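Read the structure below first, then the notes.
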Amino acid sequence: MAENLAIIAAAGSLKTETVIERALKDPGKRVLITTYTRENLAQIIRRIEGRVGVVPANVSVMTWFSFLISQAVRPYQCAVLDRIGFARGLNFKGKHQKFAKKEEAERYFFDSNRDIYRDGVSDFACIADARAGGSVIGRLEQRFDHIYIDEVQDLVGYDLEFLDLLFKSKIAVTVVGDPRQHTFSTNTSMKNKKYQGVGFLDWLKERSSSCDYEERSTSARCSQEICDFASMIFPEFDPLVSTRESSYGQDGIHIVAQNNLESYVAKYRPKVLRHRRNVNTCGLEAINIGVSKGCTYDRVLIFPTKPMRTFIEDGDPGKLKAPEKLYVAATRACYSVGFVI
Amino acid sequence: MLKKIHIENFRAFRKFDLEFRDGLNLIVGDNDAGKTSLLEAIHLALTSRFRGRPFAYDLSPHLVNQGAAKSYIADVAANGVTAHPPVVLIDLFFEDSDEFADLKGENNHCKENAPGLRIRAAFDPRYSAEYQSFITSDAPVSLVPTEYFEFEWLSFAGNAVSGRSVPVNASLIDASALRLHAGADYYLQKTIDEQLDAADRVELSRVYRSLREIFSKDEAIAAINEKLGETQKEVTDKELSLSIDVSQGASWESSIVPHLNELPLQFIGGGGQSMLKILLALYRNLAKSHVVLIEEPENHQSPASLNILVEKIRERCDGRQVFISTHSSFVLNKLGLDNLALLGEGNPFRLTELDADVLDYFKKLPGYDTLRVVLADKIILVEGPSDELVVQRAYFDRHKKRPIEDGVDVISVRGLSTPRFLAIAAPLGKTVHAVVDNDGKAIADVEARFAAFDQHAQIHVHVSDPTDGKTLEPQLLKANGRDVLNQIFGKGFASDEDLEAFMADHKTTCALGILEAKEAVKMPPYIEAAVG
């Protein structure tokens, strides 16, 4: 078993930067960097190109789904389907056939276009490895020395089973993420439900013998006032510490009254965030919180939901329905976070 | 590097499997046995190109194996739309090393977990409607409708591959056909191009472009262009001039030609051209693994230059895999029987599959005799030169033609080595008639030596009858009588014993006498049977 490492790190702690830096360190090692979303993947590629011009030949960069489909499902589909050249691409929208048994693998996992349903991809990959006598992992061991998974909190369901296989392999695996920012999931499988979001910490703890654990609570992005606010949302994690040297006036958490909105926006020019598209943002141009993930802004202005407003008043995270959304929204900002009340 | 290949319905092959050796692979076979098809299949799987063009664009019915096409056409005639068009398939297996792990998976014909590349051209179900109306139309189907085929180039992982992702470089050199036309040919161009680094290529393009300016600024050209401009004003108001084309489609490759001793390559003799091409390919320094495919290097070469060429090929096989098809016993001898794969009508066959003592025998023999077995349509094996001459005569008397005109090769083997030749001929599916002396033993005892070939229907052993004598000479005497032979040899022996003794002492002279005799010669029954 190779050395595996999980880095659980706060927003703005340069997670992706860490992945890129380590992946580029040794040109003699064959490295895979994978992450769930295409947006994040594009950003990883941009940052590598920013550093070294082009993605080096020893580094492969692919989304989690391309990785599973091209490196596990297609090569060893025969072990599950008993035929070759069947699996095509990914069906991102549908769900596996409820009325088919898993033994009828073609009907269970694939649509009529021979694309595999997203909630079955990692499940299929695990079955293929078991049926082919460990060939999936054997092949990956020949292909990669080190696998980096960014935004690992997005992996759910059978993804975790596959991650277990990788942890047991000769490949060194480094997973990086922040369960507090679990706003996306690769699929909606009920498998391993309890390990979603903050529960991922428990999953890692159960694997403390096969995977080292490192927690980083320093934020290079957010001012200390924002860090303090964000720490209140997830008391089970170490409190965030800002590494920003000093901040220039008017920083921190602002409550903005509706009638002051215009002058506030004119003064601070914040990025406006909303929970959903249907939120009334008083005519201001806004983006969904989910979309803002991974981005950095000087200042943000949030149109909060009702539970968020309650939290701002009483500071009790227990009533928050989507704490990760509030956490993501607040930690986008370097200097100030405004809430429209 | 490359471990083996499996081919279905491509060119000469209905179904074909061959394992490769590291380093050198010599491919020998009759015309039409598939030597060229094999080299093309390897190159196709590595590059997806066929004769320099993307295979997807050149998928013609003639690339489908003729046997497969015939049975498909018969199938259509009998079963109409339910007939299955043949699938063209090439599975090229690589050695299982980390270098090739990206190509690894089970998507090959035998579902083996191995790295490799697959070419597959098959009916595309999206054309079902068109195909149905094609089949049911009045015109009879006479070709495989490859226009309704889809083409795939995949790794055994099941993923599409691109030229860049293939970790092996391939160079194909066909020395038998020189395809030099405008500029250098595709393969040569590629060879030269890959020896240049990025900076070289940029510089070459820059200089080529600047040539255009120099050309147009030349006083003579300027004057000509001015004149052209004047006269053309009546035809067009645009400016007409002569210039060098430096657009994308006309890059340096089409106008700049390799020169040897200041002669453009296409003006050099065939031998020089193919020597240059082969050596350029062999001397490429590549970061990737390298496969070199050479078709008939002996073409256009004098014995002396072939000697040099073969020597260089042998030197440069280290660290690369070289496939050579050849007709030349010289090449064969120099490069070694161990590396030989024989293509015949049956499965391909390696000499190393033979028993150690048989292999040892052929290693000592000049390669020529081995090649004759491989290349002949039909073979008559005889024990010694005098038997050969008599068989020639017997064949002519029967067929009014010399054996060679029918593609029958009469091969004289030394002593008791007939079974060794049969050991090569049998797996190749060659038809062989072996003429064997009884040497005083019963026919059954002699035939026992050939028991191993009993199950090969195309191998026939003809043993002389011991009651008519031990060897050819008494057999001839028995068939023709003393008077006839005395006349043929111009002798006057008074007894059979004396005549037989003379014949035994002058075997070749007597055999020549038989061959050239004006008189009718009666042949012993076992020889009659062998030429029948």
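The values are calculated or read from the model by the stated rules, or taken from the named source; none is laboratory data. As the structure is a prediction and not an experimental result, all values here were calculated from the model. Note that each Cβ is placed from the backbone with ideal geometry, even for glycine, and that neighbours are counted across all protein chains shown.
A few points about this structure:
- Considered as a group, the residues in segment A:29-77 that are polar (S, T, N, Q) and within 14 Å of chain B (Cβ to nearest Cβ) include one that is farthest from A:Ser292 (Cα to Cα), and that residue is A:Gln77.
- Restricting the search to helices (runs of 4 or more DSSP H) fully inside segment A:84-189 and requiring at least 1 residues that are within 14 Å of chain B (Cβ to nearest Cβ) and under 21 Å from A:Ser210 (Cβ atoms) gives A:121-131, A:135-143.
- Flag if A:Glu285 is under 21 Å from A:Pro323 (Cβ atoms) and of a type in the set (Asp, Glu): no
- B:Arg420 meets the stated requirement of being among the basic types (Lys, Arg), more than 24 Å from B:Lys507 (Cα to Cα) and either out of contact with any strand residue (DSSP E or B) (no Cβ under 6 Å at 6 or more places or on another chain) or assigned to a loop (DSSP other than H, G, I, E, B) (or both).
- Residues of segment B:148-163 that turn out to be within 14 Å of chain A (Cβ to nearest Cβ) and more than 28 Å from the chain's Cα centre (by Cα), as a count: 7
- Note on segment B:423-457: residues that are assigned to a loop (DSSP other than H, G, I, E, B) and either under 28 Å from B:Gly29 (Cβ atoms) or touching a Pro at 6+ places or on another chain (Cβ under 8 Å) (or both) amount to 12.
Every residue, every condition in (1) in contact (Cβ under 8 Å) with a residue 60 or more places away in the chain; (2) over 20 Å from B:Ala394 (Cβ atoms), yes or no:
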site	(1), (2)
B:Ser417	no, yes
B:Val432	no, no
B:Val435	yes, no
B:Asp468	no, no
B:Ala479	no, no
B:Asn486	no, yes
B:Phe489	no, no
B:Ser495	no, yes
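- Residue within segment A:296-314 that is buried (at least 21 other Cβ atoms within 10 Å of the Cβ), in contact (Cβ under 8 Å) with a residue 40 or more places away in the chain, closer than 16 Å to A:Gly12 by Cα and among the polar types (S, T, N, Q) present: no
- The residue of segment B:132-186 that is surrounded by the most Cβ atoms within 10 Å (Cβ to Cβ), among those that are modelled with pLDDT of 85 or more and assigned to a helix (DSSP H, G or I), is B:Thr146.
- Each residue in segment A:10-36 was checked for being more than 26 Å from A:Phe229 (Cα to Cα), in contact (Cβ under 8 Å) with a residue 60 or more places away in the chain and buried (at least 19 other Cβ atoms within 10 Å of the Cβ), and 9 pass.
- Criterion violated by A:Ser208 - all others in (1) assigned to a loop (DSSP other than H, G, I, E, B); (2) in contact (Cβ under 8 Å) with a residue 12 or more places away in the chain satisfied: (2)
- For A:Arg114, the conditions (1) over 24 Å from A:Ser185 (Cβ atoms); (2) within 26 Å of the chain's Cα centre (by Cα) are fulfilled apart from (2).
- Set B:Leu337, B:Leu375, B:Leu332: member being over 16 Å from B:Leu24 (Cα atoms) and of a type outside the set (Asp, Glu): B:Leu375
- Enumeration of residues in segment A:295-309 that are touching a helix residue (DSSP H, G or I) at 6+ places or on another chain (Cβ under 6 Å) and farther than 19 Å from A:Gly252 by Cα: A:Pro307
- Residue in segment B:90-101 that is surrounded by the fewest Cβ atoms within 10 Å (Cβ to Cβ), counting only those that are touching a strand residue (DSSP E or B) at 6+ places or on another chain (Cβ under 7 Å) and within 11 Å of chain A (Cβ to nearest Cβ): B:Asp96
- Positions within segment B:1-16 being farther than 22 Å from B:Lys70 by Cβ and assigned to a strand (DSSP E or B), in sequence order: B:Leu2, B:Lys3, B:Lys4, B:Ile5
- Scan segment B:405-421 for residues that are closer than 15 Å to B:Ala530 by Cα and among the aliphatic types (A, V, I, L, M) and the total you get is 3.
- Elements of type strands (runs of 3 or more DSSP E) contained in segment A:230-341, each with 2 or more residues being within 24 Å of the chain's Cα centre (by Cα) and within 27 Å of A:Glu151 (Cα to Cα): A:271-274, A:286-288, A:297-303, A:333-340
- Residue in segment A:82-94 that is touching a Lys or Arg at 6+ places or on another chain (Cβ under 6 Å), surrounded by fewer than 18 Cβ atoms within 10 Å (Cβ to Cβ) and basic (Lys, Arg) present: yes
- Search result, residues across segment A:49-69 that are assigned to a helix (DSSP H, G or I) and crowded, with 20+ Cβ neighbours inside 10 Å: A:Trp64, A:Phe65, A:Phe67, A:Leu68, A:Ile69
- Whichever residue in segment B:34-55 is in a strand (DSSP E or B) and basic (Lys, Arg) and, among such residues, is farthest from B:Val88 (Cα to Cα): B:Arg53
- Annotation note: of B:Pro167, B:Pro86, B:Pro145, B:Pro125, the sole residue that is within 13 Å of chain A (Cβ to nearest Cβ) and farther than 24 Å from A:Tyr76 by Cα is B:Pro125.
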